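Here the structure is laid out as structure tokens; the discussion comes afterwards.
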Amino acid sequence: MSLYGINAYTSNYGSLYSGLYNRKSSFGNSTSELLDLAKKVDQVRSASFKKNALEEFKKIFAEENDNSTSEDSLKLSQNAKDLSGYAAALATGSADFSDPEKTLSSVKNFVESYNNTLDSIQNSDNVSILEKGVSMVNTSKAFSRTLGRIGISVGSDNRLTLNEDTLKTASEGTLKSLFSGSYSYANKIADKASFVNRAAALQSQYSNPYTYNNKRGLDFYTQMASNIFSGKF
């Protein structure tokens, strides 16, 4: 079923699942996957789904805060923009890993902007932004062993801590494996931060992140349905 079809179902009244279930005999025995899909579509458009999604995502972060204001979103947008810039600079090879002092400066900027972005994300009430923040955290955890070899640890609060002495003695090969190239840790973080930057900038302009077909052109229901059916949620 395409997202176009999912949109059509979410825009109709009543339960798609109930309608299909009542007619299942006409489909024979091959309706189990279709019925499961219908259940998910009904779930996506339920009022409680948004609330539960927010609560689950926010458990990843240190604390829950009130809904974002425009000022909070602007701050998040700037922090994410900074992070994307520092991470992209590392990933594209502009950092000189043969120079310990330049490496320290580049990595310190990255770590600081990463933590600032996570701190700002926890203020958001936008599911898409929270989801991308969780993805950032999971990416850092996945690379935690290699990060530890250059002096970066992932704390219980998911923030990064840098040991400068360890970084200065880290091998150039390990630094490049983490920070250089399209498939590097830095590039993955740059992509996620860039998304957060754009989403937060849009959110700062519109007070309700869930308005159906609002001026942002982002349909909450389509977005969450896409996440569910692609296995992200």
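FYI, it's all coordinate maths here, none of it is from the lab. Values in this document were obtained by computation on a predicted structure and should not be read as measured data. Don't worry about glycine lacking a Cβ; one is built from the backbone with ideal geometry, like all the others, and counts go over all protein chains shown.
Points worth noting:
- Residues Lys102, Lys176, ranked from the fewest to the most other C-beta atoms within 10 Å, line up as Lys102, Lys176.
- Region 69-205: relative contact order as a whole-number percent, Cα under 8 Å and 6+ apart: 42
- Between region 86-119 and region 143-173, the Cα center-to-center distance that results, in Å: 12
- When each of Lys59/Lys132; Lys132/Lys176; Lys81/Lys192; Lys132/Lys188; Lys81/Lys102 is checked by Cα-Cα distance, pairs over 19 Å: Lys132/Lys176; Lys81/Lys102
- Looking at region 89-184, the pairs of alpha carbons with a distance over 15 Å make up 61% of the total.
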